[in-house]
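Undergrad: Once you've had a glance at the structure underneath, I'll fire off some questions.
The values are calculated or read from the model by the stated rules, or taken from the named source; none is laboratory data. Because the structure is predicted, anything quoted here is derived from the model rather than measured. Cβ sites come from the backbone with ideal geometry, for glycine too, and all protein chains shown count toward neighbours. Just so you know, the surface numbers come from the protein's heavy atoms only, side chains and all, with ligands and any DNA or RNA stripped out. Shrake-Rupley method; radii C 1.70, N 1.55, O 1.52, S 1.80 Å.
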Amino acid sequence: MSESCVIQLRIRPAHEPADHKLTAVTNRGRLSAPGELTGPGSLDGGPGHLQGSSAQDNGGPATASAAVLAPQVYLAGAGLSADEPLGDYARRHNLQPASARPPALKYLRSLWQRRQFITGFATASNVAMYSEARLGQLWQVLTPLLNAAVYFLIFGVLLGINRGVPGYIPFLVTGIFVFNFTQRSCMTSSVVMRQNLPLIRALPFPRGCLPLGYVIIELQQLVLSFAVLFVIILAYGEPLTWYWLLIFPILALQSLFNVGCAFGLARWGSGFDDVSQLLPFVIRTWMYASGVIFSIQTTLALIPGKVLYDHPGLAYLLQINPAAVYITLTRNALLQDQRISMPGYHAYNAVRCAMYGDPGRFHIPPDVFQSKVIYFSSYCHPIVSGPALWGYAAGWAVVAVIAGFFFFWRAETRYGRG
Amino acid sequence: MAEPMVVVDNLHVVYRVYGSGVDKGTAATALLRLVKRQRRPSIREVHAIRGVSFVAYKGDAVGVIGRNGSGKSTLLRAVAGLLPAEEGMVYTIGHAALLGVNAALMENLTGEKNVILGCLAMGMSPQTVKERYQSVVDFSGVGDFINLAMKTYSTGMGSRLRFAIASAKNQDILLVDEALATGDAEFRVKSHRRIDELREHAGTVFLVAHNLGEIEETCNKVIWLEKGRIIQAGENVAEIIDAYLAATGGEPRVREPR
């Protein structure tokens with residue numbers, strides 16, 4: 001790598017032509033003993049030290065003529081001999097380049113070693129987050145509630161999208177709360193490095209702690225908003241079943257996925273503000289595409305005339321997108337209506353499936369449809385089956401967290417810059 | 001033989017500054033720039049460090065002096081690994097803690113949380129943090145303010161607490177960029193003592209200060225920077241400071257005979 005060429009010169013200024021480079025040598029001759037300095041411009045520089053910089057520095061092989069003169073090394077003690085390149089000297093004493101990043105495994109270990117910092121940072125930030133709002137921590141609950149209220153008002157009441165989805169309000173609220181977890185993790189982590197610049201600059205610690213901490217902040221808020229969610233859906237008459245326990249593995253996988261996203265966005269957002277400007281639009285599109293408001297399993301995919309009905313490939317893609325996967329799994333765990341109307345829940349029955357998709361053709365009165373036929377989507381073929389959903393949930397989590405970690409780690413030493 | 005802690009090898013640092021001057025800064029010019037695939041025209045290069053080489057050893061306290069804009073802070077940030085080298089290399093043992101005059105660590109959190117989390121972030125165990133907590137708070141001298149958010153602190157209080165936190169661990173390399181300037185006389189004495197302790201624990205301290213008396217009292221070596229180059233450096237701290245004062249037109253320092 002660094003094939004530096006070291007040339008020992010004994011220079012007697014009086015005999016040399018007025019070459020500026022050679023003058024520079026005499027100006028910058030290395031002094032090995034401190035305190036001998038007489039200041040710049042002195043021509044009694046002792047043995048000169050001409051050091052060609054390595055090929056990567058000057059973009060070509062180091063030759064004597066192209067060599068950049070090394071300036072004088074100040075404050076050097078007796079251990080540094082005149083002809084040893086500084087880089088070799090540093091490596092000989094186990095010094096690392098200040099911009100070198102730790103090996104990935106060591107980095108992972110150091111993150112684990114900082115776990116108390118990560119959780120402590122998250123908890124403290126959570127407590128401080130709403131300290132300037134009069135309603136304080138209440139906003140942790142109010143924000144998702146208000147979100148749900150707005151969407152219910154617009155899509156449920158004004159536009160009447162709930163046609164075809166049994167138990168629309170629990171369906172909607174669950175979707176919003178689950179998506180909100182991923183959404184907030186992405187949004188906050190895109191600014192995490194900029195927000196914590198003073199901390200990053202002042203203290204040496206593995207920077208990955210910060211996006212991890214931000215996901216844990218959201219996880220802590222999720223616990224509270226899920227308590228609200230449980231109250232809403234229980235009040236709505238949802239039975240409490242063992243299926244509810246499934247939310248633990250689902251949330252664990254979703255958290256892993258969010259960590260991966262947070263790592264990636266933290267690095268992207270560290271350099272440019274553009275990312276955090278663009279992100280809201282990307283995320284809103286993602287939300288509509290993930291079936292938070294509509295059902296991409298039933299309403300959009302099984303009714304003739306809808307775009308997804310004619311393009312099953314697109315329906316497949318939408319249903320395996322990570323947000324949709326975690327939302328669908330959570331809905332199926334918490335909401336009985338969703339579980340029993342999920343396509344594939346019953347053995348395929350062409351007539352019943354067709355009745356769900358086009359009740360007008362079978363002259364089904366609206367009240368019968370709402371109470372009975374609305375569940376017949378379960379007799380249709382699933383586009384993505386239940387077990388496949390779990391596979392995708394795990395797959396996305398693993399892929400995101402590994403890719404995100406490496407992507408973040410590769411820029412570890414660059415985060416405090418700018 | 002002294003072991004080197006920081007080796008700076010022919011370091012050049014170039015800043016690229018955006019958003020200065022020519023660009024009108026409207027959306028239309030920004031779009032035009034993208035269409036034409038130009039770099040941002042307002043980009044300006046500032047060659048802040050121009051070939052600096054030196055070695056700092058265990059137990060050194062190195063003062064860095066020079067006028068405003070001579071590259072002192074840039075040099076420290078490069079040693080901390082916070083600035084990429086355009087050319088040359090900085091070698092260090094471990095990572096450096098850099099204390100500047102900027103804002104709080106975690107400004108929304110209380111001083112107490114800043115102490116605890118800061119110490120945890122540096123890799124202390126919760127047990128050690130518990131043991132050292134009181135001494136850090138006492139050292140910082142912020143008193144009752146420890147329970148208030150750090151953004152409510154005065155500049156002096158903030159820098160005292162930050163110095164107290166960063167020096168709670170025996171850092172290998174501590175870079176202090178004017179962070180002590182806002183402290184009062186009492187704190188200056190304390191921090192001086194703390195820097196001596198760090199040096200005894202085989203740490204290396206870099207100190208940027210315009211208060212030359214502080215440099216002379218604290219440091220055993222000094223580097224005089226001018227326009228990104230080293231003018232003089234060495235262990236003859238008093239001589240170099242006098243030379244610097246003479247060059248900048250200041251009065252020579254009056255010293256008590258020792």
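Undergrad: Identify all residues within region A:380-418 that are under 30 Å from A:Gln195 (Cβ atoms) and in contact with a Cys (Cβ under 7 Å, 6 or more places away or on another chain); write none if there are none.
TA: A:Ala400, A:Gly404
Undergrad: So B:Ala164 fits all but one of (1) within 9 Å of chain A (Cβ to nearest Cβ); (2) of a type in the set (Gly, Ala, Ser); (3) buried (at least 19 other Cβ atoms within 10 Å of the Cβ); what number is the exception?
TA: (1)
Undergrad: Further question: Scan the strands (runs of 3 or more DSSP E) fully inside region B:141-258 and keep the ones with 1 or more residues being more than 15 Å from the chain's Cα centre (by Cα). Reasoning before the result, please.
TA: Values: elements: B:173-177, B:204-208, B:221-226, B:229-234.
Fully inside region B:141-258 and qualifying: B:221-226, B:229-234.
Undergrad: I need the full set of residues from region A:84-120 which are crowded, with 17+ Cβ neighbours inside 10 Å and hydrophobic (A, V, I, L, M, F, W, C), in order please.
TA: If the condition is that a residue be crowded, with 17+ Cβ neighbours inside 10 Å and hydrophobic (A, V, I, L, M, F, W, C), then A:Leu86, A:Ala90, A:Leu95, A:Ala98, A:Leu111, A:Phe117, A:Ile118 are the ones that fit.
Undergrad: Answer yes or no as to whether A:Arg194 is among the basic types (Lys, Arg), touching a residue at least 24 places away in the same chain (Cβ under 8 Å), within 14 Å of chain B (Cβ to nearest Cβ) and surrounded by fewer than 23 Cβ atoms within 10 Å (Cβ to Cβ).
TA: Against the criterion (among the basic types (Lys, Arg), touching a residue at least 24 places away in the same chain (Cβ under 8 Å), within 14 Å of chain B (Cβ to nearest Cβ) and surrounded by fewer than 23 Cβ atoms within 10 Å (Cβ to Cβ)), A:Arg194 qualifies.
Undergrad: Report the residue count in region B:17-29 for those that are surrounded by 11 or more Cβ atoms within 10 Å (Cβ to Cβ) and either part of a strand (DSSP E or B) or modelled with pLDDT of 75 or more (or both).
TA: Number of matching residues: 2.
Undergrad: Identify the residue in region B:99-140 that is among the small types (Gly, Ala, Ser) and open to solvent by 40 Å² or more (accessible area, probe 1.4 Å) and, among all such residues, is nearest to the other protein chains (Cβ to nearest Cβ).
TA: Checked region B:99-140; the qualifying residue nearest to the other protein chains (Cβ to nearest Cβ) is B:Ala103.
Undergrad: Being free of Cβ contacts under 8 Å to residues at least 24 places away in the same chain and surrounded by 22 or more Cβ atoms within 10 Å (Cβ to Cβ) is true for just one of A:Leu253, A:Leu317, A:Leu308, A:Leu302. Which residue is that?
TA: A:Leu308
Undergrad: Just to check your reading of the model, which residue among A:Pro382, A:Pro359 is surrounded by 16 or more Cβ atoms within 10 Å (Cβ to Cβ) and within 28 Å of A:Leu240 (Cβ to Cβ)?
TA: A:Pro382 is the lone residue from the list that is surrounded by 16 or more Cβ atoms within 10 Å (Cβ to Cβ) and within 28 Å of A:Leu240 (Cβ to Cβ).
Table: residues versus (1) of a type outside the set (D, E, K, R); (2) buried (at least 18 other Cβ atoms within 10 Å of the Cβ); (3) more than 8 Å from chain B (Cβ to nearest Cβ); (4) under 30 Å from B:Glu235 (Cα atoms).
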position: A:Gly79; (1), (2), (3), (4): yes, no, no, yes
position: A:Ala82; (1), (2), (3), (4): yes, no, yes, yes
position: A:Leu135; (1), (2), (3), (4): yes, no, yes, no
position: A:Thr143; (1), (2), (3), (4): yes, no, yes, no
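Undergrad: Consider only pairs whose beta carbons are under 7 Å apart and that are at least six residues apart or on different chains; among these, list those whose first residue lies in region B:81-98 and is closer than 24 Å to B:Ala166 by Cβ and more than 7 Å from chain A (Cβ to nearest Cβ) and whose second residue is modelled with pLDDT of 80 or more and open to solvent by 40 Å² or more (accessible area, probe 1.4 Å).
TA: As it stands, the answer is B:Gly94/B:Asp172, since those pairs meet every condition given.
Undergrad: Being modelled with pLDDT of 85 or more, of a type outside the set (A, V, I, L, M, F, W, C), assigned to a helix (DSSP H, G or I) and over 17 Å from A:Asn196 (Cβ atoms) is the filter here, so list the residues in region A:91-143 that pass it.
TA: Of everything in region A:91-143, those that are modelled with pLDDT of 85 or more, of a type outside the set (A, V, I, L, M, F, W, C), assigned to a helix (DSSP H, G or I) and over 17 Å from A:Asn196 (Cβ atoms) turn out to be A:Arg91, A:Arg92, A:Lys106, A:Tyr107, A:Arg109, A:Ser110, A:Gln113, A:Arg115, A:Gln116.
Undergrad: Okay, moving on. With region B:46-102 as the region, which strands (runs of 3 or more DSSP E) entirely inside it contain at least 2 residues that are of a type outside the set (A, V, I, L, M)?
TA: Counting at least 2 such residues, we get B:87-92.
Undergrad: Only residues that are open to solvent by 50 Å² or more (accessible area, probe 1.4 Å) and in contact with a Phe, Trp or Tyr (Cβ under 7 Å, 6 or more places away or on another chain): list them for region A:320-348, please.
TA: A:Ile340, A:His346, A:Tyr348 - these are the residues of region A:320-348 that are open to solvent by 50 Å² or more (accessible area, probe 1.4 Å) and in contact with a Phe, Trp or Tyr (Cβ under 7 Å, 6 or more places away or on another chain).
Undergrad: So which of A:Ser276, A:Ser295 ends up being assigned to a loop (DSSP other than H, G, I, E, B) and either open to solvent by 10 Å² or more (accessible area, probe 1.4 Å) or not hydrophobic (A, V, I, L, M, F, W, C) (or both)?
TA: A:Ser295 is the lone residue from the list that is assigned to a loop (DSSP other than H, G, I, E, B) and either open to solvent by 10 Å² or more (accessible area, probe 1.4 Å) or not hydrophobic (A, V, I, L, M, F, W, C) (or both).
Undergrad: Let me spell it out: the conditions are (1) outside any helix (DSSP H, G or I); (2) at pLDDT 85 or above; (3) not aromatic (Phe, Trp, Tyr), and A:Asp83 meets all of them except one. Which number is the exception?
TA: A:Asp83 satisfies all of (1) outside any helix (DSSP H, G or I); (2) at pLDDT 85 or above; (3) not aromatic (Phe, Trp, Tyr) except (2).
Undergrad: Would you confirm whether or not region A:120-142 contains a residue that is aromatic (Phe, Trp, Tyr) and more than 25 Å from the chain's Cα centre (by Cα)?
TA: No, because not a single residue in region A:120-142 is aromatic (Phe, Trp, Tyr) and more than 25 Å from the chain's Cα centre (by Cα).
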